[in-house]
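Every number here is computed from the coordinates shown, using simple stated rules; none is lab data. For clarity, every value in this text was computed on a predicted model and none was experimentally measured. Counting neighbours? That spans all protein chains shown, and the Cβs are built from the backbone with ideal geometry, glycine included.
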Amino acid sequence: MSDTKHWGKPSRNKLWQEKNADEKAEWVKAELQRMRSLFTMLSSQVQEIGSRVKAIRKKLQENQ
């Protein structure tokens, strides 16, 4: 019989405590990049919504 566990999938991720300093730094850099991308996307969407609201207000004022 082998030592392979058939009931569970082995984790590909190390626990934080098991990571060395370089691995932790790489993870932090990757997370910061992901957050930066999310912030850029959200910022763009907020600007687009602001433009649409401004256009709607302008039309409402024209119709009064």
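Points to keep in mind about this one:
- Anchor K58: aspartates and glutamates whose Cα lies under 16 Å away (excluding residues fewer than 8 positions away in-chain): E48
- Karplus-derived 3J(HN,Hα), 6.51/-1.76/1.60, for each residue of segment 25-36, Hz, glycine and proline x: 4, 4, 5, 4, 4, 5, 5, 5, 5, 4, 5, 4
- Net length gained if the chain between R36 and W16 were fully extended (0.36 nm per residue, minus Cα distance): 5.0 nm
- Calculated FRET value between S51 and K29, using beta carbons and R₀ = 30 Å, to 0.05: 0.35
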